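Peer 1: Before anything else, here's the structure in question.
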Amino acid sequence: MTRDQVAVMFERRRLALEGRDVATLLKDYADDCIVESPSAGVHTGKKPIEEAIRAIFQALDVRIRQQQLVIDGQTVVQVVFMEGKDVGEFLGLPPTGKSFRAPVVFLYELEGLKIKHERRIYDFTGLLLQIGLLKAKPAL
């Protein structure tokens, strides 16, 4: 696996994210991959990962812009900016129709050209506040 091969893989993933192409995204995961997400929890294996991705795409009309991609051997860090609107059931609650904006960091561990482990890092509490599913008093 070369750095260029990984870069091509992540360009394909970037385009698949933009196009909400679940099938293309799933091709990059190892059969026993683990995905950790603040909103979706921990999922192991392609089927649970597919269900989590589809749930996010159905709940959120989201646009993702890549800001940085760092490739270091079998480790990849992808920094993106996510923005969109709450349009479907999210966490068992009806849509609010409210917009959100958030930076997101994806940490990947690869095995060959397959994702073995993915960790998503973002301000989940901030996202819930923005879409109105969590209420807080403003700071004084």
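No value in this document is a laboratory result; all are computed from the given coordinates. What you see is a predicted model, and the numbers here were worked out from it, not measured in a lab. Cβ placement follows ideal geometry from the backbone for every residue including glycine, while neighbour counts extend to all protein chains displayed.
Peer 1: Just subtract the alpha-carbon distance of Lys98 and Ala7 from 0.36 nm times their residue separation and send over the number in nm, one decimal.
Peer 2: Stretched fully, the Lys98-Ala7 segment lengthens by 29.3 nm.
Peer 1: Return a single number: how many Lys pairs in the chain, at a sequence separation of 8 or more or on separate chains, have alpha-carbon atoms below 23 angstrom apart.
Peer 2: Final tally of qualifying lysine pairs is 13.
Peer 1: Compute the angle between helix 46-59 and the longest alpha-carbon principal axis of the chain, please, reported from 0 to 90 degrees and rounded to the nearest 10.
Peer 2: It is inclined by approximately 40 degrees.
Peer 1: At 10 °C and 1.306 mPa s, what whole-number value in µm²/s does Stokes-Einstein give for the translational diffusion of the chain, with Rh from the Kirkwood sum over Cα pairs?
Peer 2: So the translational diffusion coefficient is about 101 µm²/s.
Peer 1: Let me ask you something else. Give the dimensionless ratio obtained when the Cα radius of gyration of segment 57-138 is divided by 2.2 N^0.38 Å.
Peer 2: 1.27
Peer 1: Could you list Lys135, Lys98 so that the one with the fewest beta carbons within 10 Å of its beta carbon is first and the one with the most is last?
Peer 2: Sorted ascending by nearby Cβ count, the order is Lys135, Lys98.
Peer 1: Putting +1 on Lys and Arg Cβ atoms and -1 on Asp and Glu Cβ atoms, find which of Ala7, Gln74, Ser99 reaches farthest to the positive end of the dipole of the chain.
Peer 2: Projecting each Cα onto the dipole axis, the largest value belongs to Ser99.
Peer 1: Give me, ordered by chain and number, the residues 5 or more places off Lys98 or on other chains with an amide H under 5 Å from its own placed amide H.
Peer 2: Close amide H contacts, sequence-distant or interchain: Asp86.
Peer 1: Quick one: which residues, 5 or more positions from Tyr29 or on another chain, have an amide H under 5 Å from its amide H? H modelled 1.01 Å from N in the peptide plane, none for Pro or chain starts.
Peer 2: Counting only residues 5 or more places away or on other chains, the set is Ile115.
Peer 1: Relative to the first principal axis of the alpha-carbon coordinates of the chain, what is the inclination of helix 3-18, with its axis defined by its Cα atoms, in degrees from 0 to 90 and to the nearest 10?
Peer 2: Helix 3-18 sits at roughly 30 degrees to that axis.
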